[in-house]
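The values are calculated or read from the model by the stated rules, or taken from the named source; none is laboratory data. The structure displayed is predicted, hence computed values, not measured ones. Virtual Cβ from ideal backbone geometry, glycine too; neighbours counted across all protein chains shown. Accessible surface areas use protein heavy atoms only, side chains included; no ligands, DNA or RNA. Shrake-Rupley method; radii C 1.70, N 1.55, O 1.52, S 1.80 Å.
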Amino acid sequence: MSLTPNTNIAKKILTAVSGLLIFGFLTGHFLGNLLLFVGAEPFNIYAHQLTSNPLIYLAELILVIIFGSHIVTGIQVTLASRGARKKGYEVRNERTPKSWIVKSMPYTGTIIFLFIIFHIISFKFGPGFDESARINEGMLYLTMEGEPIRDLYKLVVVRFTNPAYSIFYVIAMISMGIHIAHAFQSAIRTLGVTNKTYYQLAQKASIALAVVFTVGFSSFPLYFMVSQPELAVIEEVETVESEVIEMNEVPASIEELDVK
Amino acid sequence: MKLTLKIWRQKNAKDAGGFKSYKLDDISEHSSFLEMLDTLNQQIMNSGDEPIVFESDCREGICGVCGLVINGVPHGPGRGTTCQLHMRSFKDGDEITIEPWRADAFPIMKDLMVDRSAFDRIIQSGGYISVNTGSARDANEKLIPQKDIEKAFDGAQCIGCGACVAACKNASANLFTAAKVSHLVVLPQGKVERSERVINMVEQHDKEGFGSCSNQTECEAVCPVGVTVSNISRMNREYARAKVKNFFNATRGGDKCKK
Amino acid sequence: MILDSKIPEGPIEKKWTKHKFDGSLVNPSNKRKFDIIVVGTGLAGGSAAATLAELGYKVKSFCIQDSPRRAHSIAAQGGINAAKNYQNDGDSVYRLFYDTVKGGDYRAREANVYRLAEVSANIIDQCTAQGVPFAREYSGYLANRSFGGAQVSRTFYARGQTGQQLLIGAYQALSRQIGLGNVELFCRHEMLDLVTIDGHARGIVTRNLLNGELATHAAHAVLLCTGGYSNVFNLSTNGMGSNVTASWRCHKRGAGFANPCFTQIHPTCLPQSGPHQSKLTLMSESLRNDGRIWVPKNKDEKRPANQIPEEDRDYYLERIYPAFGNLVPRDVASRAAKRMCDDGYGVNETGLAVYLDFKSAIERMGHAAVEKKYGNLFEMYEQITGDNPYETPMMIYPAVHYTMGGVWVDYNLMTSVPGLFALGEANFSDHGANRLGASALMQGLADGYFVIPNTIGNYLADFLNVEVDASAPEFEETLKNVQDFTERLLNVNGDKTPQFFHRELGKIMWEYCGMSRTLEGLNKAIDMIQELRKDFWEQVRVPGDCKDINQALEQAGRISDFIELGELMCKDALNREESCGGHFREEYQTENNEALRNDEDYSYTAVWEFKGLDKEHELHKEPLTFDYVKLAQRNYK
């Protein structure tokens, strides 16, 4: 007898646990991102400290496992359920209100998954990921202490001042909100809360979390899209560009950047 | 009242089946839904055709054998079972669509009759307390608080009709399975076998080809006796508990909880 | 036919213990050499199959439903009696025994009834251990209620679903044995005949209701646990599928049928709403504990029930029977209702209903307490009728509910065919002419859990190492018989549906062999039924074929048996020139319209032997002696 998740309930419990852990990640991610509203310097330093810590690899591995198991078990359970009724009804009337939210879970999940891939490619692995290419990509930021770090803030601004980009983000965040609206209370239920008071609380919390995370994460693209801030920092970066090139004799190949 | 009925006809388990329309006049609104179908069947038989096969027995909402999806809702617009539905819930001139339970684990045998033996096999896998006749002690020896009896009843009252499966978008039998797990585990006499019971029943549930639970709670909404979804939560909890317990038992060298 | 009741010697309280000790035992390792067929999976069949399998016998269990859990025992609402005396109100095994014999109007076997009372307490223990959620007090102790006719609180209950909960208990025990491989389950199989070899029951012929396949099954013993025959009245509280076929076909193979005319009419059922009515619904008799029965004093009363003032109401049960009031025995309550309606005081559009009123109960106990006690019954009533019983009185009318008669059995529950046993409602044994409320569940479970496991060994012990196998020519013959019968049904090709004949039969039975019976009526009924039987075999039309699911065919076969049984019931009622319990002959009544027994001439069990379809049944009498209970005319005044 092992802990192998050999039944749908076991898988569901894994989906629920990983889902709740993802909430932890989202909360951290959101709080960190709030620094965007404070300014370029704090945000860039925060981002730098986060990514330069060697523990980041462990953290990333854990995140991959969490997301991975959430996705894999989610898909498994969905497929098992799809296969349980191959011939459907001619007429269908459901009594539970807003059942489309439940039914959209695989779809909102897929949107979120695609979004995450895109998000990681365009930010984490986006311009400035490669330290040596930062100058050429215009993604270098010098802190007050003079330390050269990645100018992630600039990247955020460049991306989010593009309305198409921001709107796509907001749509993805709404999908996430819909996902969360069912997910949190569902997870609580899956994990065995039978007490009606707690359960009803979880239902309310589910909606609250959905709203907080959707509005919260959407506020970043919307803020930059609406405010269209001047990228004052860019000049500062350009002034130090030559020095850095000196340090790096051979510049990395220059990619076409949508930043420019 | 006059009615148009669109009814699923299927010769046998292998037949593809399809809908057939019937017109009925002069149905009393006091008659029950199944009595309306009885009347239709008498007419069909009088015209020399084979009557529509549907199941019913007690016709008072307790045996759980009847079950039709009426206008897209298992057991139709009423609160109880199909046999408890009366024609006063419909209007003169209505068109009513009648389908069988649909789930791969409930194969259709003929017309509106399905095979629900999967439920029996789930109970056989562990839905009981292992007490041989004669070994019981005095019934008052173990006191059971009223609230525990009420909790047990929430699950115990399940009539095994399968509406939960029919209504579930995933054709899951979680509510049925959970009702039995809950019924037995909240009682002191059912606690001894709690781990093997829940594990065996949940595994059998999946083996039968029922889907998973998405916590949509449509099952609770159509359950004719009001079994609540909190039973599913309890089953999940019990299952997780049993898995972890068995894991530690196994690491200590014992694997006692699995038959 | 020799009727040896095999009642053990000795004082009544020692008989069962002595019998168990004297009986032959089958060695545990030998038990698996015996095959036992159990037909039916209700309280009696389910409990018997489970218990015999636990003991080690090889059991085959058959039911016509899609699952053992659907047996009609599930519909019993009120409760189950047991002589636990938890309430310290003077109950005892002896009192339960005494009440049961007296309630049965002195037409039951004392020894059997005493045993029933004796094992009753064990049933509660057993069921509780299985997880049956009996009602409890706040303290956690088991709760009891007093039930129709009893002056002690000895009825255990599980909301209004006691039958369901007990059946689920037995079903779980049976499921466990199926899971362990000790019981082989055959759902959707109908027993259509009994195979006898040298006069011993050795197997059955079944039809698989899904594909029409006929098959034979061999065993050392066959247990009939197939319930009662109330559906002979077409409209009864029994399930649509409840039938007498298995019992009747055993009867035709030599099993005596005892007291067929003893049928119980339940006083608190929902009245008929029209000709479409397919069955009647019982409301638990426990409603009479707090509800008051009345009719308007004025025959032309037009006001809605809840607007009729107290002075215009006739609480006739309280008026006629002041000591027992609304709690008089079922038959008394039923006949009183019928009398009120016959006299023109009936309510409802049909004039065939009386009021059952909870107004004063709600005033006395409060809405919440009434709801807690009767909530689900009220809900059920509202669902069916559309009326809210909290606001307007319920309407009730009697309906056939239970049949005390059945296959004759001896003390070991063995019928007059050796190797064939009958348990539960299928047998005649314990309720005499009238069954007390909450005793049916008790008897079914007593027979299955505690009696048959201890008595079947007596028979089986003689057949150790005797092989029974279905290749004997008798099996083939019986199968052929069933095949011919089925073909005959399909080939009549008349123009009337089986249901038509059921309705006609029901009308005759209700009119002439129902709540009250007369010499002329019964004679007339016999002629009419004979005519109906002739018509049936000339005019019935069974569509479809026998190789498929064919509900009309199943129905037709059962109705043909009901027609034959109906005739015997009338003959039995005609023979019994007295009134007792559920059998009321208008010629034999007291000045107060009470049943007038004739202990001198009719203190016997009438056992009918089948002699051939167009021959007269032969009557055998098993005399009843009462050494413990004092015979008295019932008086509920």
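Mean-square fluctuations from a GNM of chain A, with a 10 angstrom spring cutoff on Cα atoms, peak among A:Phe168, A:Phe217, A:Phe184 at A:Phe168. Evaluated over segment B:3-110, the count of Lys pairs having alpha-carbon atoms less than 13 Å apart is 5 (only pairs 8 or more residues apart or interchain).
Figure legend: label point modelled 7 angstrom from the Cα of B:Asn132 along Cα→Cβ; residues of segment C:59-73 with amide N under 19 Å from it are C:59-60.
Rolling a 1.4 Å probe across all protein chains gives B:Lys147 an accessible area of roughly 130 Å². Within 10 Å of the Cβ of each residue in B:118-128, the mean number of Cβ atoms contributed by other protein chains is 6.
For a Förster distance of 35 Å, can you work out the FRET efficiency between the beta-carbons of A:Leu50 and B:Lys207, rounded to the nearest 0.05? Please report the intermediate quantities before stating the final value.
Values: r = 47 Å, r/R0 = 1.33.
Efficiency for this residue pair is about 0.15.
Can you check what the net charge comes to around B:Ser31, using other residues whose Cβ is under 11 Å from the Cβ of B:Ser31 (Lys, Arg +1; Asp, Glu -1)? Within the 11 Å Cβ shell, the charges total -3. Note that segment C:52-67 has calculated 3J(HN,Hα) couplings of 5, 5, 4, 6, x, 5, 8, 10, 10, 10, 10, 8, 8, 7, 7, 8 Hz, one per residue in order, obtained from phi through the Karplus relation 6.51 cos²θ - 1.76 cosθ + 1.60 (θ = phi - 60°); glycine and proline are x. Using the average count of surrounding beta-carbon atoms within 10 Å as a protection proxy, the listed peptides C:465-477, A:40-52, B:165-177 rank, highest first, as B:165-177, A:40-52, C:465-477. Placing pseudo-labels 7 Å out from each Cα toward the beta carbon at C:Thr590 and C:Glu318 gives an inter-label distance of 2.3 nm.
Amide H contacts under 5 Å for C:Asp193: C:Val205, restricted to partners 5 or more places along the chain or on a different chain, H placed in the peptide plane at 1.01 Å from N. Peptide packing: for A:156-166, C:504-514, the average count of neighbouring Cβ atoms within 10 Å per residue gives the ranking C:504-514, A:156-166, highest mean first.
Peptide B:223-235 has a mean shielding of 3, counted as Cβ atoms of other protein chains within 10 Å of each residue's Cβ.
Against the main long axis of the alpha-carbon atoms of chain C, helix C:93-103 sits at an angle near 80°. These residues, C:Lys547, C:Lys534, go from largest to smallest accessible area, 1.4 Å probe, as C:Lys547, C:Lys534. The GNM of chain A, with springs linking C-alpha atoms under 10 angstrom apart, assigns the highest mean-square fluctuation among A:Met105, A:Met176, A:Met144 to A:Met144.
Bridge orientation summary for segment B:3-110: considering DSSP beta bridges with both residues in this region, about 75 percent are antiparallel. Legend: distances between Cα atoms for A:Lys12/B:Lys142; A:Lys12/A:Lys196; C:Lys33/C:Lys547; pairs beyond 26 Å are A:Lys12/B:Lys142; C:Lys33/C:Lys547. For C:Arg136, nonlocal amide neighbours, meaning residues 5 or more places apart or on other chains whose placed amide H falls under 5 Å from its own, are C:Ala143. The figure for C:Glu379 is an accessible area of roughly 130 square angstrom, using a 1.4 Å probe on the protein chains alone. Could you give the angle, 0 to 90 degrees to the nearest 10, between helix B:194-207's Cα long axis and the longest principal axis of the Cα atoms of chain B? Helix B:194-207 sits at roughly 40 degrees to that axis.
Counting 0.36 nm for each residue step from B:Lys91 to B:Leu24 and taking away their Cα separation leaves a gain of 22.8 nm. Among the aspartates and glutamates, which fall within straight-line cross-link reach of B:Lys207, defined as a Cα-Cα distance under 18 Å, with same-chain neighbours fewer than 8 residues apart omitted? In chain and number order, the partners are B:Asp104, B:Asp115, B:Asp120, B:Glu196.
Going by accessible surface with a 1.4 Å probe and the largest first, A:Ile120, C:Ile396 read A:Ile120, C:Ile396.
Using the Karplus relation 6.51 cos²θ - 1.76 cosθ + 1.60 with θ = phi - 60°, the per-residue 3J(HN,Hα) values for segment B:89-106 come to 7, 10, 10, 4, x, 4, 9, 10, 9, 10, 10, x, 3, 10, 6, 5, 7, 10 Hz, with x marking Gly and Pro.
Partner lysines whose Cα lies under 20 Å from the Cα of C:Lys20, excluding those fewer than 8 positions away in the same chain, are identified as C:Lys6, C:Lys31. Ranked by the mean number of other Cβ atoms within 10 Å of their residues, highest first, the peptides C:296-304, B:91-99 fall in the order B:91-99, C:296-304.
Normalised by the number of residues in chain C, what is the relative contact order in percent for Cα pairs under 8 Å and 6+ residues apart?
Reported relative contact order: 20 percent.
Every helix of 4 or more DSSP H residues in chain C counts as -39500 (n - 2.57), and over all residues that averages to -11500 deg cm²/dmol at 222 nm.
On the beta carbon distance between C:Asn598 and C:Tyr628, with R0 = 25 Å, the FRET formula returns roughly 0.75. Cross-link partners of C:Lys297 among lysines, defined as those whose alpha carbon lies under 29 angstrom from its own and excluding same-chain residues fewer than eight positions apart: C:Lys338, C:Lys359, C:Lys637. Here C:Thr518 and C:Ile2 are evaluated by their C-beta separation; at R0 = 35 Å the FRET efficiency comes out at 0.55. Annotation: the antiparallel percentage among DSSP beta bridges lying fully within the protein assembly as shown is about 75. Enter the mean number of other protein chain beta carbons within 10 Å of the beta carbon of each residue in B:169-176, as an integer. What the average comes to for B:169-176 is 5.
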